[in-house]
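Here's the structure we're looking at; comments come further down.
The values are calculated or read from the model by the stated rules, or taken from the named source; none is laboratory data. This structure is a prediction, so every number in the text was calculated from the model and none was measured. As a convention, Cβ positions derive from the backbone with ideal geometry for all residues, glycine included, and neighbour counts pool all protein chains shown.
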Amino acid sequence: MPDPAQSTFHYAGVAGSGMSALAQYQAMLGGTATGSDRVFDRGGAPAIRRALEKVGVRILPQDGTGVRPGCDALIVSTAVEESVPDVRSAREAGIPVMHRSEVLARLTAARRTVAVAGTSGKSTVVAMIFELARGAGLDPSLITGGDLKVLAEQGYLGNAWAGASDLLVIEADESDGSLVRYAPAIGVVLNLDRDHKEVEEVRAMFDAFRQRTREAFVVGDGPNLAHLRSGATVFGTSQAAEAGGFRGTGIRLLADASEFTAAGVSFRVPAPGLHTVENALAALAACAAIGLPIAALASPLAGFSGVRRRFERVGMIAGVEVIDDFAHNPAKLKAAIAAARLRAPGRILAVFQPHGFGPTRFLRNELVEAFSAALRPEDQLWLLEIFYAGGTVSRDLSAADLVQDLRACGVQAEFAGSGREALATRLAEVARAGDLILVTGARDPSLTDLCRLILAEIVQR
């Protein structure tokens, strides 16, 4: 692969989280990055477009014109199909077409990389490692799927950064199988649940990932990860994490923070939920593997800025709080609801937008079980129609089908099929002081706009 800092790459589907991160990183290194996306062609995602252009990524129509003489490679993700004009143009011109994971794998091998894998919590743990390393005096680079607030507050998109050191922190994704490409210095596996793929298939990926890790391996204390513990640093809240020194004890789960002790040091994170403690323990263990002194990490962890749409408070009106969260798989949804329970003296009024027809079909039963277990009889749930990002897919399932399943399990569930304005009005009608409105779903940044709309409707109530 040509050196990105000396090359011209065109990114098809550049509005996506993984693709936008690579394009920004290349531009920040001094290379030439152009990109296209059908979302931009429709006039959508203007904030993402502005952030890309801010760092020098040139946005072009997705009509094949971005792949021209002088382009060293076309970069695609699994979501970019052969029928996309950019791909056809590249094939016709003999320009290499590379999957984004190939680019990330080369970058990973060339640096002292910390790669974070797992079915839940990757973006948050990557962000924590990045901020902790910065707080300890390093200048790491970053390629991830979530937007870090510490970077977004400076006008960046927040999912990429090119630092001066050789340390690179990345999110390693198992959903498309690309995880097995990476050979990081330090590998981290957080947890293992049924998500995009069957558990056994992902376990095999984690095994390969472990074998390719060059320096140190960090793994969660989940029982289904026990086979990875030998010779690894184990973190968590159970006795399995005791030997590695990264067992969290003295845990206090507060409405707006989490406190615990690990490796003889007291820590506080400004975010609620037991999953927050587990994420912080993973980040601390990874930083120890880097060589950072644990005592020096308490202050930067206490100042952790967080990631956009990870239990992000949008506002509170008339005693009703609105939280925006990326949760979309069963484990994440249960964790988000549990965190909301710490804050809400009243009911949880949950909104969920399933992401993708294939993933929703794959996890249908588990999603129903998760909501049935996490929600109380007095809580209520609204399901928006399944989010469709385009492409060829069988659209033979509706969120209304899940609503029927949920009702059969005793959950107060409604299908929000009349649109978001009607949903916002409905929520404003039923919400009362002490309730918490939790809006969940992946990939769709307009869910944050829905949160604001709900708040506006409450004001008008």
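How about region 416-448: which of its residues are assigned to a helix (DSSP H, G or I), surrounded by fewer than 21 Cβ atoms within 10 Å (Cβ to Cβ) and either touching a residue at least 24 places away in the same chain (Cβ under 8 Å) or of a type in the set (Phe, Trp, Tyr) (or both)?
Matches in region 416-448: 420, 421, 425, 426, 429, 430, 448.
Which condition does residue 261 not pass, out of (1) at pLDDT 95 or above; (2) closer than 29 Å to residue 363 by Cβ; (3) of a type in the set (S, T, N, Q), if it passes all the others?
Only one criterion is unmet by residue 261, namely (2).
Which condition number in (1) touching a residue at least 24 places away in the same chain (Cβ under 8 Å); (2) under 21 Å from the mean Cα position of the chain (by Cα) is the one that residue 313 fails?
Evaluating residue 313 over (1) touching a residue at least 24 places away in the same chain (Cβ under 8 Å); (2) under 21 Å from the mean Cα position of the chain (by Cα) leaves (1) as the failure.
Being modelled with pLDDT of 95 or more and of a type in the set (Asp, Glu) is the filter here, so list the residues in region 424-448 that pass it.
Passing the criteria: 429, 435.
For the subset of region 178-193 comprising residues that are over 24 Å from residue 20 (Cβ atoms) and within 16 Å of the chain's Cα centre (by Cα), which member is surrounded by the most Cβ atoms within 10 Å (Cβ to Cβ)?
Among those that are over 24 Å from residue 20 (Cβ atoms) and within 16 Å of the chain's Cα centre (by Cα), it is 189.
Given the structure, is residue 162 surrounded by fewer than 24 Cβ atoms within 10 Å (Cβ to Cβ), over 23 Å from residue 335 (Cβ atoms) and small (Gly, Ala, Ser)?
Yes; evaluated as a whole, the condition is true for this residue.
Hey, among 146, 121, which residue is under 25 Å from residue 329 (Cβ atoms) and either among the basic types (Lys, Arg) or touching a strand residue (DSSP E or B) at 6+ places or on another chain (Cβ under 7 Å) (or both)?
The conditions single out 146.
All but one of (1) buried (at least 17 other Cβ atoms within 10 Å of the Cβ); (2) under 15 Å from the mean Cα position of the chain (by Cα) hold for residue 175; state the number of the condition that does not hold.
Here residue 175 meets the rest and fails (1).
Test of understanding: among 270, 223, which residue is surrounded by 14 or more Cβ atoms within 10 Å (Cβ to Cβ), of a type outside the set (Asp, Glu) and either within 24 Å of the chain's Cα centre (by Cα) or closer than 29 Å to residue 362 by Cβ (or both)?
Exactly one of 270, 223 is surrounded by 14 or more Cβ atoms within 10 Å (Cβ to Cβ), of a type outside the set (Asp, Glu) and either within 24 Å of the chain's Cα centre (by Cα) or closer than 29 Å to residue 362 by Cβ (or both), namely 270.
So which of 347, 361 is among the charged types (D, E, K, R) and under 30 Å from residue 259 (Cα atoms)?
347
Please work out if residue 350 is within 18 Å of residue 320 (Cα to Cα), of a type in the set (Gly, Ala, Ser) and modelled with pLDDT of 95 or more.
For residue 350, the condition - within 18 Å of residue 320 (Cα to Cα), of a type in the set (Gly, Ala, Ser) and modelled with pLDDT of 95 or more - is met.
Residue 83 passes all but one of (1) surrounded by fewer than 24 Cβ atoms within 10 Å (Cβ to Cβ); (2) of a type in the set (S, T, N, Q); (3) closer than 30 Å to residue 218 by Cβ; which number fails?
The number of the failed condition is (3).
Counting only residues that are under 20 Å from residue 78 (Cα atoms), give me the strands (runs of 3 or more DSSP E) lying completely in region 138-229 with at least 2 of them.
Hits in region 138-229: 167-171.
Does residue 41 fit the bill of being outside the structural domain of residue 125 (by TED's automatic domain parsing), surrounded by fewer than 21 Cβ atoms within 10 Å (Cβ to Cβ) and not basic (Lys, Arg)?
Here the answer is yes, as residue 41 does meet what is asked.
Return yes when residue 266 is without any contact (Cβ under 8 Å) to a residue 24 or more places away in the chain and either touching a helix residue (DSSP H, G or I) at 6+ places or on another chain (Cβ under 9 Å) or within 19 Å of residue 174 (Cβ to Cβ) (or both) and no when it is not.
Criteria not met by residue 266.
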